[in-house]
Each structure stands twice: as C-alpha cells, then as structure tokens.
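Notes follow the structure.
We did not get these values from a lab; they are worked out from the coordinates using the rules stated. It should be emphasised that the depicted structure is a prediction, and the values quoted were computed from it without experimental measurement. Cβ placement follows ideal geometry from the backbone for every residue including glycine, while neighbour counts extend to all protein chains displayed.
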Amino acid sequence: MGSIRTTPATGYRGRLAPSPTGYLHVGHARTFWTAYQRAREAGGVLVMRMEDLDLERSRTSFAEAAMEDLRWLGIRWQEGGDKGGPYGPYVQSKRRSVYVEAWRRLLEHGYLYPCRCSRRDIDSAMAAPHERAQSETRGSKLDILDDEPMYPGTCRHLMGRAPQLPGPASANFEKPDGTNWRFRVPDGVAVEFADGKLGPQRFVAGVDFGDFVVWRRDGGPSYQLACVVDDATMRITEVVRGADLLKSTARQMLLNEALGFGNPAWYHCRLVVDHNGRRLAKRHDALSLRALRQRGLTPMNILAAELPVEV
Ligand code: GLU
C-alpha cells in the first residue's frame, strides 16, 4: 500500500461495507442485496470491506457473522479479506498508512484545523453518522437523529488556511495522533448530486452540516475520511448504501474534491423502518438476520418484504 494515487476503474466496482459492531438486520440485507444486484447487472466486481474503525465495539465474530449472513442470503463478492484482491487490505484497521497520507495531504492544503472540543463530538466520528428515517407517509426529508452534531466552529480560529499558522501547543503537525482534526467546510457552498435512486440532492455546507472530524486524538481516522480514501483507492465506481447517509455523501464529496479524487456515482436505498418510523438499529435484535433465520424465515421472505416492517 502506501500510495493514495488512484487510476480510474475500467468497469463497474461496487462495495459492501459492514461495520462489525453487531448482527446485520433486515435493513442491511435489503441494501446489500441492492448493491449485489447492481454489481451483477453491470457485470462488475463487488468488494467486501470491513469497517472496523471502532476498535472497542468491533468484533471479529461479528465480521464473520456478517459475511456468513450475507452468503446465506445469496450475496457473493469477488474481492475482500476472505478472497484477496489487488486493493487490499480490505479491513480498515489494517489501512492506517493510507489514511495518514490522506490526512497529510489535507493538512498541507490547508483544509484542516486542530480541535479541542468535546469528547462526545469526537467519539461519534468513528461510526457512520446515520440519520433518523421517516416513513414515506410522514414526510420526505430525513430528521436528524444521530448525525454528527453541527459543530459551532469554536476552534476554527486555531489555524488559518496555511498550515504554518500557529496552532495550539498540543498539535503535532508531523502526525495526526494526539490531536483531533476537523475539516473546514466552505460555508454557504451547495453540494449537489444526482442520486441514482432518489434523484437530485442538495446540501449546504455550514447550514446542513458543519466542520467535521477527520481524525481523532486517540489515533484513528473518522468514518468520513476512511470511507472516501477506501472508495477511491479501491476504485469504487458506485456507492450503494442507506438513505440515512445522504448528508455524509455531501461531506464526502467535499473530501473527494480536497483530496483530488473523483466522485463515484451515488445510489441511496430507502430505509427499512420499524412501526414508529425509526431506522432499524441494534435495538431491533428480533429483526437480525440470525434471529429471523432461526425462526425459519428464508432469504426470499426477508428480501420480499414479508416482515412486520414498513419500507
Ligand atoms: N460501515 C458503514 C455503516 O454501516 C457503511 C457506510 C457506507 O456504506 O459508506 O454503517
């Protein structure tokens, strides 16, 4: 590894990017099935990438369970930790050097500043900031539930656009660890894209989302940074994921631009929600693929929406 230079892919390349922090549920099954179908229909390659940045909550046993559940559903991939491939390693905890290189590139171009703010803001950066789902009948916009909190810009003054401007005494400009780093968003700039499933999307930097964390003091990249670096270096041409990550796509487009990467195509699947309109999460253990399989349900039952959930 060691280089984040990318060359365009020649054919369709998609990815499955589970976080091994729990068992997969019906929502994951539908999204991953769509990713699989789109790669298959395009005659392309599907990559399995394990997003285990949250070292405290990630377990090898969950990673193995996720792959087993997806195989049980009938999903197949061509590259990944279990298959090998030219762009590995396919596990985020083993890709540190490439994330550090991306951090350095952002720093040198003046996109980052060190931040001393709260532990809570920074902790939430390891996980993808999923938003609350709303059932279709209740409205068209997504509510914020656990999206990364809007940062008020408290530490913005700590560094100007040029890295040589003085930062806090604790910031180390040689390596990212030991300091929290945020990406300065261009306030007022609209980030727009045409989603393959949901159509035109528009988010305004500084209004819909604020400066976001790219590196945590305790030594790891945020989800946003790791995701764009991996999608670019693994030559992903289309990102298929849940609609609760639409706003993250806007953040990631800014990162792609800052890093000199092209954008993949975006395809956000509608979310599976419970009867209260809430996105499925770990609290819905009864809808985990494991539990449903034990109750005798088949992959077809799960994919054909015969379950007590609204889509
Ligand atoms: N590992 C992320 C999650 O589910 C996936 C994010 C993505 O597909 O970009 O939660």
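Here the spin labels are modelled as points 7 Å beyond Cα on the Cα-Cβ line, and at residue 64 and residue 192 they lie 5.0 nm apart.
Close amide H partners of residue 13, meaning residues 5 or more places away or on another chain with modelled amide H under 5 Å apart, are 45, 237, 238. Between residue 275 and residue 37, the modelled labels are 2.7 nm apart [label points 7 Å from Cα along Cα→Cβ]. Placing a label point 7 Å from the Cα of residue 83 along the Cα-to-Cβ line, the residues of the range 11-29 whose backbone N sits under 15 Å from it are 11-18. Hand me the trypsin sites (Lys or Arg not before Pro) from the range 1-102 located in a DSSP loop with no more than 16 other Cβ atoms within 10 Å, in residue order please. Within the range 1-102, the qualifying trypsin sites (Lys or Arg not before Pro) (loop, at most 16 other Cβ atoms within 10 Å) are 5, 57, 59, 76, 83.
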